[in-house]
Amino acid sequence: MRLFKGKREMDSGSFQVTSKDFQELLKKFEASDDFLTFQFPNDDGYIISYFNSLVSVQQLHEQVLAVMSNQPKKVLKQLKGDIPMEDMKLTADLKDIQRLVLAGSIMIRYKQDDEMCLLIPCVHSVKRQISTPESEYTVVGSKEAFVESLDSNLNLVRNRLPTPELQSKEFRVGSISQTRIAVLYIDGVVNQQIIKTVIQRIEDIEYDTIVDISFVSQMITDNRNSMFPQLIDTERPDHLASVLSEGKIGIMLDGSPHALVGPNTIISFFSSFEDYFQIWNLGTSFRLIRLFAVLFSVLSSPLYVAVLTYHYQVIPTDLLPILISSRGVIPFPPIMEAIVLEGTIELLREAAVRLPAKVGSTIGIVGGIVIGTAAVEAGFVSNVLLMLIALAALASFTVPIYQISNTIRLIRFPFLIAAQLYGLFGIALCSAFILSHLLKLTSLGSPYLDPLYPLRIHDFKDSLIRLPFSKQKKRPQFLRTKNPLRIWKEAETRNSRNDIDE
């Protein structure tokens with residue numbers, strides 16, 4: 001057999017094709033050194049072409065060439081019936097040929113079928129083994145996390161939801177990358193309007209390369225300029241399976257070990273999936289602690305600046321000497337102290353993230369202690385503010401969803417500026433602006449502040465508090481699901497009553 005590298009000239013007599021467009025496509029393939037072409041079994045045989053970096057050579061020899069060597073020369077349609085492999089395609093469509101060859105298929109041509117190509121999938125896939133979650137690690141519950149393979153991720157979800165109602169709609173996004181993307185939902189539960197909205201927005205994506213699910217999140221959200229995330233990013237298949245049963249939708253991208261979940265409310269970003277693994281009163285307590293920690297993280301340093309700048313009269317008499325002694329040698333106003341410390345915390349965070357794991361944790365701890373102690377001893381900041389900033393940074397780490405933690409980190413600075421300009425009135429004014437923004441914000445068309453606005457008493461059962469599962473008989477109202485009931489016995493009883501009435 002004769003083997004040709006991609007840039008090597010080929011014998012025109014053996015490689016003639018009738019389509020000029022096909023010739024141009026073949027030249028593009030041959031410009032790459034990992035594109036191989038050879039004739040099998042001799043000069044008058046089949047012409048086999050493939051990308052060596054995408055194809056499993058072992059599968060090619062064992063399942064394709066071994067069968068072809070034992071068969072007489074046949075047209076491609078007959079050859080397709082002899083090779084025992086699935087998803088083979090016989091086509092002359094250049095778009096299908098380009099897509100399948102670049103996806104890891106072998107292209108076989110025969111001189112009697114010059115315009116036709118037999119495409120046989122022999123993909124050499126490099127997959128990472130399923131590991132434990134990193135950003136959503138829990139003590140109890142599943143220890144499986146999504147990987148970069150879309151098929152593996154679908155397998156993890158379907159193993160948890162073995163029902164024919166679980167639907168997966170696949171598309172391709174990116175004019176160059178042609179990345180597979182899947183929309184998951186449970187038919188008969190999810191609101192079809194949400195599915196239509198998501199599919200329409202995915203089909204409207206016009207970008208050359210989509211390499212991660214975060215690209216999709218930024219392109220399909222309702223308000224792309226908002227600092228508040230509207231879709232939750234999860235790496236846990238059990239989390240995705242749970243929210244799908246609620247009536248939400250999931251979006252997964254090939255090559256990304258995360259999935260998007262929507263629609264969501266702002267309370268969803270402060271609810272940990274681990275809350276459901278504990279008894280309801282403990283889960284509720286931890287959820288309320290998280291909400292209080294977020295408020296403290298955002299407002300502690302702005303309140304310090306506002307009180308010391310404009311409203312020192314509200315400071316208790318017993319606390320006043322401590323504040324005076326801590327600020328007696330500080331040459332800067334409170335706003336400068338707060339900005340210096342907040343900026344230092346952000347620098348330490350970014351440094352810890354960019355460095356290797358072992359070095360990053362050391363930098364975060366040692367750097368914080370050394371810089372904080374040196375700043376207090378040098379008289380740049382007060383020890384009271386240093387303690388408040390440290391507690392605020394610690395409180396921000398209680399947020400279970402990474403996207404909203406970034407929002408909390410940055411939202412402090414507008415509050416600091418407002419506190420410096422107008423004191424407590426400035427904090428109230430900044431809060432009003434953020435609240436008005438949240439009132440208008442939606443997630444895939446659903447209100448972001450549900451159940452607070454619009455007020456839905458039923459949805460309070462799993463928002464600020466988490467009641468027992470026996471009390472959560474219906475799915476959240478803001479999802480407008482087809483089947484609102486989650487208790488099977490009650491659902492069957494209601495259906496039987498409807499049948500009797502009819």
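The values are calculated or read from the model by the stated rules, or taken from the named source; none is laboratory data. Not measured: the values here are computed from a predicted model. Heads up, the Cβs are rebuilt from the backbone with ideal geometry, glycines too, and the neighbour counts pull from every protein chain shown. All accessible areas refer to the heavy atoms of the entire protein, side chains included, with ligands and DNA or RNA removed. Shrake-Rupley method; radii C 1.70, N 1.55, O 1.52, S 1.80 Å.
Keeping every protein chain present and rolling a 1.4 Å probe, give me the accessible area per residue for the chain in Å².
Accessible surface, normalised per residue, equals 52 Å².
Based on the reciprocal of the average 1/r between different C-alpha atoms, the Kirkwood radius for region 398-476 equals 15.0 Å.
Set the Förster distance to 51 Å, then compute FRET efficiency between PHE38 and LYS169 from the Cβ-Cβ distance, nearest 0.05.
0.85
The label point for LYS471 and the one for SER177, both projected 7 Å from the Cα toward the Cβ, are 4.4 nm apart. Extension gain, ASP187 to GLN313: 0.36 nm times the residue separation minus the Cα-Cα distance gives 39.3 nm. Each label point was placed 7 Å from the Cα along the Cα-to-Cβ direction; for VAL139 and LYS27 their separation is 6.7 nm. Averaging Cα coordinates gives a centre for region 299-356 and one for region 449-486; these two points are 40 Å apart. With R₀ fixed at 41 Å, the C-beta to C-beta distance from LYS196 to SER131 puts the FRET efficiency at about 0.70.
Around GLY328, what is the net charge, scoring Lys/Arg as +1 and Asp/Glu as -1 over all other residues with Cβ under 15 Å from its Cβ?
Net charge in that neighbourhood comes out at -1.
When the Cα convex hull of the chain is projected onto planes of every orientation, the mean area is 33.0 nm². Net length available on complete extension from ALA66 to HIS437 is 127.0 nm, with 0.36 nm assigned per residue and the Cα-Cα distance removed. Normalising the average separation of contacting C-alpha pairs (under 8 angstrom, six or more residues apart) by the number of residues puts the relative contact order of the chain at 13 percent.
Over all pairs of different C-alpha atoms, region 207-247 has a mean inverse distance whose reciprocal, the Kirkwood radius, equals 12.0 Å.
The Rg/Rh ratio of region 296-351, with both radii computed over alpha carbons and Rh defined as the Kirkwood radius, is 1.02.
Counted by Cβ distance under 10 Å from ILE186, the other residues give a net charge of -1, where Lys and Arg count +1 and Asp and Glu count -1. The portion of the accessible surface of the chain made up by carbon and sulfur, rounded to a whole percent, is 59 (1.4 Å probe; DNA, RNA and ligands excluded). Remind me, what semi-axes does region 263-359 give for its equivalent ellipsoid, largest first in whole Å, using sqrt of 5 times each Cα gyration tensor eigenvalue? Largest first, region 263-359 gives 34, 22, 12 Å. With the cut-off at 19 Å, report for region 229-303 the share of all Cα pairs above it, as a whole percent. Beyond 19 Å sits 47 percent of the P(r) for region 229-303. Between ASP82 and GLN58, the FRET efficiency from the beta-carbon distance, with R0 = 30 Å, is close to 0.90.
Once fully extended, how much extra length lies between MET387 and TYR402, figured as 0.36 nm per residue of separation less the alpha-carbon to alpha-carbon distance? Display every interim value, and only then the final one.
Numbers: separation 15, 0.36 × 15 = 5.40 nm, distance 2.41 nm.
Working it through step by step, the gained length comes to 3.0 nm.
Looking only at region 194-216, which residues have a backbone nitrogen under 17 Å from a spot 7 Å from the Cα of LEU94 in the C-beta direction? Nothing falls inside the zone, counting backbone N under 17 Å.
Mind pulling the angle between the C-alpha long axis of helix 150-160 and the longest principal axis of the chain? Nearest 10 degrees, somewhere in 0 to 90. Long axis of 150-160 versus the principal axis of the chain: about 70 degrees.
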